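Structure record follows, encoded as structure tokens.
No value in this document is a laboratory result; all are computed from the given coordinates. None of these values were measured; they are calculated from a predicted model. A quick note on method: Cβ atoms are made from the backbone with ideal geometry, for glycine too, and the neighbour counts reach across all protein chains shown.
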Amino acid sequence: MELRHLTTFRAVAKSLSFTRAAAELGYVQSALTAHVKALEAELGVRLFDRLGRRIVLTNAGVSLLGYAENILELTREATVAVGQPGQPQGPVTISAPEVLCTYRLPAVIRQPHGHTPDR
């Protein structure tokens, strides 16, 4: 199950429109249709009933929407917890001989401290 398929499914399920979801996500409508069809094939169920120009969630679609929300939220939380690329993360260990610690290290420690966010 691909995250982009779940993202597409959630957008379509919330708007009940492939056209609006495509505009929201910046995809062409045919890509969204392919994502949903791939998800339906993988799960072996229909997620939407297509009623002419309207679509409605099936019972399986309603069930999946809750899981998709949880999965996508956990993905967002994991991304935040791990950190963004290019952003400083984690502890910094600095060591130096005692003489340097007394005279040079205080200025070195103050310099990066002003460039990192407080936690």
> Taking other Cβ within 10 Å of each residue's Cβ, how do T7, T102, T75 sort, fewest first?
Replying inline: T102, T75, T7
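How would R46, R10 line up from fewest to most surrounding beta-carbon atoms within 10 angstrom?
Placing the least packed residue first, the sequence is R46, R10.
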>> What distance in nm separates the two pseudo spin-label positions at A23 and Y103, each 7 Å out from Cα along the beta-carbon direction?
In response: 6.9
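Suppose a student asked you for the relative contact order of segment 3-82, using Cα pairs under 8 Å spaced at least 6 residues apart; what percent would you report?
Values: 70 pairs, mean separation 24.5, N = 80.
Once divided by the residue count of segment 3-82, the mean separation gives 31 percent.
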> Dipole magnitude of the chain about its Cα centre, charges +1 at Lys/Arg Cβ and -1 at Asp/Glu Cβ only, in debye to the nearest 20?
Replying inline: 420
>> How many angstrom lie between the Cα centre of segment 1-31 and the Cα centre of segment 32-77?
In response: 10
> Karplus couplings for segment 92-103 from phi (6.51 cos²θ - 1.76 cosθ + 1.60, θ = phi - 60°), rounded to Hz, Gly and Pro as x?
Replying inline: 10, 10, 10, 9, 6, x, 3, 4, 5, 4, 6, 9
> Given H placed 1.01 Å from N in the peptide plane, which residues other than close sequence neighbours of F48 have an amide H under 5 Å from its amide H?
Replying inline: T58
>> How would L47, L25 line up from fewest to most surrounding beta-carbon atoms within 10 angstrom?
In response: L25, L47
